[in-house]
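To start, I am sharing the structure in question, which I have written as C-alpha cells.
Read the figures in this text as sums done on the coordinates, not as results from a lab. It should be emphasised that the depicted structure is a prediction, and the values quoted were computed from it without experimental measurement. Positions of Cβ are generated from backbone atoms using ideal geometry, with glycine treated the same way; all protein chains shown enter the neighbour counts.
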Amino acid sequence: MPASRRNARNARICPVTQASFAGSYAIGACIVDASGQVPARGRNRLSDPRGAHGGVIGGHDLAHAEINALLNLPATPRPECYGWTVLTTVEPCPQCAGAVRMSGIRALEYAAPDPWAGCARLLTDDPYVRRKEIRVGRAPTDVQRLATRLALVSFLDEGHDTPDSMVFRAYQAVTPDDVQAALAVHTAGHLPALRAAGASLAAALDLLNI
Ligand SMILES: [Zn+2]
C-alpha cells in the first residue's frame, strides 16, 4: 500500500473522534483522490444544531458522515473523480451507499461492518447501481475493531440504543467481543471523560483495547 494511502487511512480517524467529542455518533468519512490527498472530510452530525453550514449538514436525519464528506467536496470533476475513493469507518447505510453511487466516485472502503443498517451490497447487487462497477474494499482488522467499538459506545452514550436493542443484538450475533468491549467502556463512562479532558487518540485506543 502506498504511503499516501496509509496516511489517508490514518486521517479518517480524525472525523471519528471529532464526531464523538461533539456529541454525535462516532462515525467519520473522507474522500481520497488518486494521489492520496484528502480533499474532503465528513462526520456524523445527527446531534449537531440543525442547519447547513460550511458545506455540511447537521441536526438532520440525513446528516451521516459519508453524506457530509461528499457535500464537503468542492467539486467532483469527471473523469478525475472516477479514481477517487470514499473511506468510511462504518459500512454505509442505504442512503449513503446510494449517495456514493450518485456522486460519480467509483470506490468505497469501509472499516466496521454494520449488521443492522449496512448496505454496501447495494453497490454490487442492485442492477442499476452495479453498472458503475464501484469497487468495495475493507480496512485492516484493527481499524475495523476500533471503528466498531467507537460507534457502539457512542450509540449507547447518546441514548440511541440499549444493550438489548435489535441493533445490539444484530452486532452481538456477528462481533460479540466488540459489543462486550463497548459495553464496558460505556458503563465506565470513559468516552465522556476523555471528551471532557480533551484526551489524545492514543488514550482512546488504550481504553478500547485496540
Ligand atoms: Zn448513512
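Just to confirm a number: summing +1 for Lys and Arg and -1 for Asp and Glu over residues other than PRO176 whose beta-carbon lies under 15 angstrom from that of PRO176, what do you get?
Combined, the nearby Lys, Arg, Asp and Glu give 0.
At what distance in nm do the modelled label points of ALA52 and ASP164 sit from each other, each positioned 7 Å from its Cα along Cα→Cβ?
4.3 nm
By how many degrees, between 0 and 90 and to the nearest 10, does the Cα long axis of helix 176-188 differ from the longest principal axis of the chain?
Once rounded, the angle reads 60 degrees.
Can you check what the Kirkwood hydrodynamic radius comes to for the chain, Cα pairs only, in Å to one decimal?
Averaging 1/r across every pair of different Cα atoms and inverting gives 17.1 Å.
Loop only by DSSP, 16 or fewer other Cβ within 10 Å of the Cβ. Give me the trypsin sites (Lys or Arg not before Pro) in the stretch 38-83 that pass, ordered by residue number.
Filter output for the stretch 38-83: ARG50.
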